[in-house]
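K.L.:
Take this structure, written in structure tokens, and hold onto it; I'll ask about it next.
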Amino acid sequence: MQFITNGPDIPDVLIQAQEEGRLVFFCGAGISYPAGLPSFKDLVSTVYKLCETEPSEIEREAFERGLYDATLDLLEQRIPLQRIAVRRSIAQALKPQLRRKGAVDTHAALLRLARSRDGALRLVTTNFDRVFHVAARRTAQDFEAYAAPMLPIPKNSRWNGLVFLHGLISEKPDDTSLNRLVATSGDFGLAYLTERWAARFVTELFRNYVVCFVGYSINDPVLRYMMDALAADRRMGESVPQAWAMGDCTPENEKQKIIEWKAKGVKPILYTVRPDSRDHSALHETLCAWADTYRDGVYGKEAIVVKHALALPQESTQQDDYVGRMLWAISDKSGLPAKRFADFNPAPSLEWLIDCFSTEVFGHWDLPRLGVPAKGEMDDSLRFSLTRRPAPYDLASPMHIAFVSDIGSAWDKVMFQIARWLARHLDDPRLVIWIVEQGGSLHAAWRQLIEREIERFSSLERDGKFEEIATVRSHSPNAVPGKLMRVLWGVLLGNRVKRRAQGLDFYRWKRAFRRDGLTTMLRLELRELLAPKVVINRPYRWNYDAREEKGEPSHIRQLVNYEVVLASDHVRSALHDLSDQSWTLSLPKLLGEFQRLLIDALDLLRELGDADDYRDRSHWDMPSIGPHWQNRGFHDWVSLIELLRDAWLAVLSTDKSHASRIAESWFDMPYPTFKRLAFFAASHEGCIKPENWVDWLAYDDAWWLWSYDTRREMLRLLVLQGKAISGVSKKLLEATILEGPPRKMFRNDIVNAQWREQVDREVWLRLAKLEKSGCMLGNDAARRLTQLSKAYPDWRLAENERDEFSHWMSGTGDPDYESSVVTDVAPRRREDLVRWLVKSRPEGRSFYEDTWRDVCRTRFFHSALALYDLSQDDKWPSTRWSQAFEVWAQEPMPARSWRWLARFIERIPEGTLIDVVNSFSWWIESVSKVSMTNEHTLINLCRRIIDLEIGEESSRRYHDGVEIFDPVSSAISHPVGQVTQALINIWFKRKPSDNDLLPEFLRPILSEIANVEVARFRHGRVLLASQFITLFRVDRAWTERFLVPLFDWSDSGEARAMWEGFLWSPRLYPPALNALKNGFLGCSKNYSCLGSHRQQYCAFLVYTALNSCDGFTDTDFRVAISSLPQEGLEECAQAVYQALEGAAGQREDYWKNRVQPFWRNIWPKSRDLASQRISEIFARLTIAAGGEFPAALSTVVGWLKPIPHAYNIVSLLDESGLCKRHPKDSLVLLAALIDDRHWFSEDFGSCLDSIVQASPKLSKDPRYKRLKEQFQYQRM
């Protein structure tokens, strides 16, 4: 972090250590230069002058070699009065010039920086002077001084003060105190080598704290002695943390300085000083600026959250690890930064969960700060994330053998706040996917939180409070779950999702059954094993933007992929050999269980939108109720149908009348599956009376006669039992068939000719099947069958019964394999698969499907080798490649597929590449995130995609059928945008640092993308805009030349796209923002053009103003904010409030030093702009100001007006205790916000009581009387 322009870049780890009170500044002579005090070298020269002597030859040699301590030692031995004379001269030489400008500013800054948030001071200096005492008096920062050799133990519990490690000149110097000064080589020898009291202090200090040296030159003898002491500890096996030092350099010798500092075991933080200059102002100004921001809480953990919550967690340079800063801040065990994150408006993106909080970036070294004691030896294999981590012992669940319920550990404050934030994303299917990928179980506390939120939104909708719902959505666009998302949450909360490790052991149950037979316990356990569950996965290609393209999604499959399964794995294979007599005898007893489980499965499908009274999935997943080779067994849930069928057949074999009653009850049940079972039962001789099943076929406008869901069983029934019908039943069936299917059962877009042929085919098929059964058709039916057979001479009944199925699966090796199939099963042999991939799709098959995607997903090498064989013959089937890339772009396929395909994929022809470019670019982007091999090939492929002439169709966005301008969404779905991101990902794997410059492979490609004359490159430029800060830090010259001009509003179309890209993940970096100054300020006049990123702009504008960004004036910000519309002004007010809250314990200072000047110099002064929302925000602002509440209230009181819902503000006021500390001001606030129409809460009565208790005379105040009367009247 650079606190001043061209100042030293303070590493994040140092800022974090300072915020946590773990950083100790070790101060040398350089900090006293502004007070006119000398360096060690100049001090020795001054001592010689004051002693009125010249150096001897040996003394001069020591001096010229930089051995100043040895020089003084030799001098003490040579001159009269020896030691005391030298000491008196040192005291005389160290009299500061306190009237100089800034003489004590650096000392005051260090005193402020060295004081932890709990008030403890921990600071060390090797200086003898008393400038720190002067600075403390002037800035009211008292401290306790520890002067050598009486030193404290450098531990938190035993140290609160400033340590003068080498002694302190007393206010009235005396010989005793002067003798204690560590100034000569002999003194250093005693302190660090013989008596070792200084060495012990330094060793213990480094063991317990992070140390930063300030004001030392690289060859300072003081530094040498301390580092020698630490080196000795290292040789003895001690672990010593990294030491830091702020040091000067010239532009020419920066690298050499780094090497020299590191040779001493110190990591330098360098700032530039001109050659032959003693201008160290960069150091002093940095310390002062750092102290000011620390005082105001600007870089406190809550402030970091406020600063970066709007951004997305992207990679950046090593020096700009803002994602690491956020993790450090949010993981604070107090939970306050996490609470600030959870409450931030607008709600931070879910990307923080997916790309940051779930990533295992923490290790063994992080355990202590998370409240978990660490073992002595380092466990390098231990990795955990913010959302899955070891629990402190007081929250961990106990080890046990028996327990009531295993709910896991209790939450700490951080986890609770993360859960609150996630509850603001209940309309985002990615959250459900994430939960499933984490195991599928919800913590009990989070379950309650989600249920409460869903109930709250449902209650608001029932009560017609749509304005409140709109307010929630304005702050959290994904907070209110839609209808389909509520279904998903219902499935998850109802424990219907199959957990990752849930696969119950059916084989164990089978062994117990064979041993004990069907006991009650085994029956109940079987019910649990066969319970229907849902497996939820990511869709083949994430299409979360579906609602933007086509309005609200109409089916859950637009949000997630899912499948209904059984609680136990491998049920079908386990049942395969369970066919002995004991199982057969047990089946009738289990029929009721199987029927109930099947109803549960179908009800679950109904809930998910895949079943209703007229349709379900059974005819797809189990084409035939009776055994048939078309039943491939791909779906375990249909095992319930098979079990129910087998149980019924077992009943039929012993009690036909009971079996008949069961079958008749099936037809009355909902769902086509039970109609199929009823038809299957009726096809058995003598089970169902013919008139009954004919009535079934004629029921409900003959729906089940014509439905594709019941087609197989209905036609089997006609074939097997058609000969048994006669009389009225026969006439009814024939008449129903001749009438044909209802038009409502078919699509509206079928043209008349197609419709007539479709009707003819369906009528012919049923009549032909009936005739085949041996039934003598009536005259009308026979005549119609003859007519149709003549009209369509090619129609024949299929010998393999294929015409009875709603769909047909066939593949090489199957008994009836043909070229025109509905569901084509890919061959398993490599040479067969090669031929299969290049065959043409059957014509006239609008519902054609095949299993190629499954092969790509489950048998990678089989699919890849087949495509490779084709490529060797220069055959590149585009459709097959496109489907393969879509599958291989999803985890865990990218890395695996790239390792193999990289060998030959560069040879893909341009024509094929154009055909598959959308799926190919998606795959390339996915590969770039995980692979570090064959980088050259990956770059070349990106280059080829950029060179393609690609249209805009793939990136267009629609809402309610109208195209919308959304540069970000378009960019991330367009091939140019995807390969631009891929190139950036490749670059980040090289871990770039500031000022590295763009690598040679990347610079020309990005320069080409920056060309505004190529329209399709805009998608790439939007992605570059989102990485503007990183590009600027790495290669400022390139960024200023190629990207900065694109942000200028003179080209509004280009500027709009670039600013939306930047504001998609905005971050404050003053040098970069200065380069964009005109365009940035111009955004306020183009507010409506910023689309969904308007809120981000307002917040970012305010944070920039509050941080006094170099290069911007108050006038710049005042004009920009005044140009905003009312909505923008309200967002600015919200940002000011959140910034003040982010200052946490420094809110009072933040108010005085940041918010008040902002209000005075920048905020518009027209009260006409006041609105109810601004009034509510400013009321919160005054409460957040804490001790500055009266000043804050007097500042904003003119903007306050009554608001309709003040419950939360009254509650905040009551909890703050301000009513007791500032009763009059609290009364002013309540009176301004509450009018006669307000409905009061209990908190309001508490506020009034506190006010009058703190100041009884206010009971006579008219404002108090009005509020009290209103409150009492309401209570009555």
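K.L.:
May I ask you to work out the translational diffusion coefficient for segment 303-345 at 37 °C, viscosity 0.692 mPa s, via Stokes-Einstein with Rh from the Kirkwood sum over Cα pairs, reported in whole µm²/s? Present the calculation step by step, with values, prior to reporting the outcome.
P.N.:
Details: Rh = 10.6 Å.
This corresponds to a translational diffusion coefficient of 309 µm²/s.
K.L.:
Do the sum for the chain: with -39,500 (n - 2.57) for every DSSP H run of n ≥ 4, divided by all residues, what is the mean residue ellipticity at 222 nm, to the nearest 500 deg cm²/dmol?
P.N.:
Estimated from H runs of four or more residues: -15500 deg cm²/dmol.
K.L.:
Separate question: Treating only the Cβ atoms of Lys and Arg (+1) and Asp and Glu (-1) as charged, compute the dipole magnitude of segment 296-422 about its Cα centre; round to the nearest 20 debye.
P.N.:
I would put it at about 360 debye.
K.L.:
Gap in Å between the Cα centre of segment 604-634 and the Cα centre of segment 402-469?
P.N.:
33 Å
K.L.:
Report the FRET efficiency, 1/(1 + (r/R0)^6), for Glu1013 and Ser459, where r is their Cβ-Cβ distance and R0 is 41 Å, rounded to 0.05.
P.N.:
0.15
K.L.:
For segment 590-717, what is the Kirkwood hydrodynamic radius in Å, using each pair of distinct C-alpha atoms?
P.N.:
Numbers: mean 1/r = 0.0686 Å⁻¹.
Computed over Cα pairs of segment 590-717, the Kirkwood hydrodynamic radius comes out at 14.6 Å.
K.L.:
Rg and Dmax of segment 689-810, using alpha carbons, in Å: what are they?
P.N.:
Cα radius of gyration and Dmax of segment 689-810 are 13.9, 41 Å respectively.
K.L.:
How large is the translational diffusion coefficient of segment 962-1065 in µm² per second when you combine the Kirkwood radius over alpha carbon pairs with Stokes-Einstein at 10 °C and 1.306 mPa s?
P.N.:
116 µm²/s
K.L.:
Could you please state, rounded to a whole Å, how far the C-alpha centre of segment 1060-1094 is from the C-alpha centre of segment 714-741?
P.N.:
73 Å
K.L.:
If you don't mind, there's one more thing I want to ask. Of the options Cys942, Ala682, Val1197, report the single residue whose Cα projects farthest towards the positive end of the charge dipole of the chain (beta-carbon charges: Lys, Arg +1; Asp, Glu -1).
P.N.:
So the residue furthest toward the plus end is Val1197.
K.L.:
Let me see the P(r) profile for segment 38-93: every Cα-Cα distance counted, bins of 5 Å, each bin given as a percent of all pairs.
P.N.:
4, 22, 37, 27, 8, 1
K.L.:
For the chain, treating each Cα as an identical point scatterer without solvent, what Debye log10 I(q)/I(0) comes out at q = 0.04 1/Å?
P.N.:
Those come out to -0.35, one per q.
K.L.:
While we're looking at this one, here's another question. Along the charge dipole of the chain, pointing to its positive end and built from +1/-1 on Cβ of Lys, Arg, Asp and Glu, which listed residue (Gly1217, Gly1145, Ile218) has its Cα farthest out?
P.N.:
Looking along the dipole axis, the top candidate is Gly1217.
K.L.:
May I pose another question? On a full-extension model of 0.36 nm per residue, what is the gain between Asp355 and Arg278, subtracting their alpha-carbon distance, rounded to one decimal in nm?
P.N.:
Computed gain between Asp355 and Arg278 is 23.1 nm.
K.L.:
Please get the size of the charge dipole for the chain, origin at its Cα centre, with Cβ charges of +1 on Lys and Arg and -1 on Asp and Glu, quoted in debye to the nearest 20.
P.N.:
Details: 167 positive and 171 negative charges, 363 e Å.
Taking the Cα centre of the chain as origin, the dipole is about 1740 debye.
K.L.:
Percent of alpha carbon pairs in segment 296-422 separated by more than 18 Å? Before the final figure, lay out each step's value.
P.N.:
Details: 4518 of 8001 pairs.
Summing the P(r) of segment 296-422 above 18 Å gives 56 percent of all pairs.
K.L.:
Another question, if that's okay. With angles folded into 0 to 90 degrees, how steeply does helix 1126-1142 sit against the dominant principal axis of the chain? Use alpha carbons for both and round to 10.
P.N.:
60 degrees
K.L.:
Gain in length, Ala402 to Arg60, computed as 0.36 nm per residue apart minus the alpha-carbon separation, to one decimal in nm?
P.N.:
Length gained between Ala402 and Arg60: 114.9 nm.
K.L.:
About its Cα centre, what dipole magnitude does segment 1181-1276 give when the only charges are +1 on Lys and Arg Cβ and -1 on Asp and Glu Cβ, stated in debye to the nearest 20?
P.N.:
Computed about the Cα centre, the dipole is about 360 debye.
K.L.:
Something else about it: Can you give me the angle between helix 1262-1275 and the longest principal axis of the chain, using Cα atoms only, in degrees from 0 to 90, rounded to the nearest 10?
P.N.:
30 degrees
K.L.:
If you don't mind, there's one more thing I want to ask. Using +1 at the C-beta of Lys and Arg and -1 at the C-beta of Asp and Glu, which of Leu1081, Pro337, Gln872 has the Cα lying farthest in the positive direction of the dipole of the chain?
P.N.:
Sorting the options by dipole projection puts first Pro337.
K.L.:
Classify segment 850-921 from the C-alpha gyration tensor, please: rounded if a/c falls under 1.5, else prolate or oblate depending on whether a/b exceeds b/c.
P.N.:
rounded
K.L.:
Need the C-alpha centroid separation for segment 250-313 versus segment 89-119, integer Å.
P.N.:
A separation of 19 Å, based on Cα centres.
Quick note: the coordinates plus some simple rules give every number you see, no bench work behind them. These numbers were taken from a predicted model, which means no experiment stands behind them. When we count neighbours, we look across all protein chains shown, and the Cβ atoms used for this are built from the backbone with ideal geometry, even at glycine.
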